[in-house]
Amino acid sequence: MTNIRKDKYKFSQALRPFSFAVALVACGAGLSLAWVDGSHDPVKTLLVLLGGVLLQAGVNLINDYSDLSENVALNSIQALAIKRNFRIGLICFVMATCIGVWFVYQVGAAFLVLCFAGLIGALGYTLKPLNYKSRGLGVILVFWLMGVLMVVGSYLALAGQWNSDVVLFSIPISLLVSLLLLSNELRDFEADRKAHIHTLVVRMGYAKGRLLYKLIISAVALNVILLAWWFNQFWLLSALLAFVLVPGLFTLLQVDAAKRGPLTSGSGRLLLVFGVLFNLSLLFGVVV
């Protein structure tokens, strides 16, 4: 067993408030498309954003629960902190579920299916028997859970109807959500490997994880270009202005572990800036 970073389980660390950009950007994309489609309801809009943030907070807070049963050295204070964070995370899920139930009443069974899939995915991220995190599937799961499902669910909650084109518009956001988690695994690669935490990067190796990071960014750029061309909405290309941040992130991929800390916050900044530009471009007139 190996000791891990002492402050890892502090509430402020476990909450990962910087990652709330994920919920705000993903929900914002779905809401933007719904507004353009003629669905304007400020109360529902705020409830969707609140539900998204609560879901993100819940996922963050239960994230480390599997460390209690894995081969990770914990002192009593760390173990208590993990249990406390887990309980608060469950409260966040309950509150998000209450909002979801109200939308099920408003929208119907289609939204119930999305909520059920999202809740199972969120709980299964770190809890047995699924425990996607320990299986190295976290990066893939969040693409669907905090990306596609959140964008589509936000649109459905506000518009009250299904539209398959929304899935296409969710892809660049979903890729950057996965990139954010991947950056976290790259940052913690050495510590996770020593602590026998089998993330995707630990399983595939740092060099391949670094390559995957670059491939995801390339896929985002390509996807935006294809969306702009397919829907004849060249405002979407303005989101690529966020890529001025990319060279600095690529530089951080090359440094030692001790200097790699800003990689995650920088990836979150990329997601936020890209998301704001992307969502504003949607509001300029994409009709889905």
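What follows is calculated from the coordinates using simple rules that are stated; it is not laboratory data. A quick note: this is a predicted structure, and the numbers were derived from the prediction, not measured. So basically every Cβ, Gly included, is an ideal-geometry build from the backbone, and we count neighbours across all protein chains shown.
Structure values in brief
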{"item": "Cα gyration tensor category, rounded, prolate or oblate, for the stretch 117-260 with a/c compared to 1.5", "result": "oblate"}
{"item": "Note, ³J(HN,Hα) from phi for the stretch 178-194, Karplus 6.51, -1.76, 1.60, rounded to Hz, x at Gly and Pro", "result": "4, 4, 5, 5, 4, 4, 5, 5, 5, 4, 9, 3, 5, 5, 5, 5, 5"}
{"item": "Phi-based couplings in Hz for the stretch 140-149 (Karplus 6.51, -1.76, 1.60; Gly and Pro marked x)", "result": "6, 4, 5, 4, 7, 5, 9, x, 4, 4"}
{"item": "Cα gyration tensor shape for the stretch 118-183, rounded if a/c is under 1.5, else prolate or oblate", "result": "oblate"}
{"item": "Packing-based ranking, highest mean first, of 192-205, 37-50, 13-26 given that Cβ atoms within 10 Å are counted", "result": "13-26, 192-205, 37-50"}
{"item": "For the stretch 116-124, Karplus couplings with θ = phi - 60° (6.51, -1.76, 1.60), whole Hz, Gly/Pro x", "result": "5, 4, x, 5, 4, x, 5, 5, x"}
{"item": "Segments 246-256, 87-97, 103-113 sorted - mean Cβ within 10 Å per residue, highest first", "result": "87-97, 103-113, 246-256"}
{"item": "Global geometry of the stretch 168-241, whether rounded, prolate or oblate, following the gyration tensor of its Cα atoms and the 1.5 cut on a/c", "result": "prolate"}
{"item": "Cα-based helix-to-principal-axis angle, 76-107 vs the chain, degrees rounded to 10", "result": "20"}
{"item": "Mean separation of Cα contacts under 8 Å (6+ apart) over length of the stretch 11-283, as relative contact order %", "result": "25"}
{"item": "Spatially proximal lysines relative to Lys214 (Cα-Cα < 26 Å; intrachain offsets below 8 disregarded)", "result": "Lys133, Lys194, Lys259"}
{"item": "The chain: C-alpha pair distances exceeding 26 Å, %", "result": "42"}
{"item": "Alpha-carbon centroids, the stretch 209-288 and the stretch 114-152: separation in whole Å", "result": "22"}
{"item": "Proximal aspartates and glutamates relative to Lys128, as straight alpha-carbon distance under 20 Å, when same-chain residues fewer than 8 apart are discounted", "result": "Asp64, Asp67, Glu70, Asp192"}
{"item": "Segments 262-275, 220-233 sorted - mean Cβ within 10 Å per residue, highest first", "result": "262-275, 220-233"}
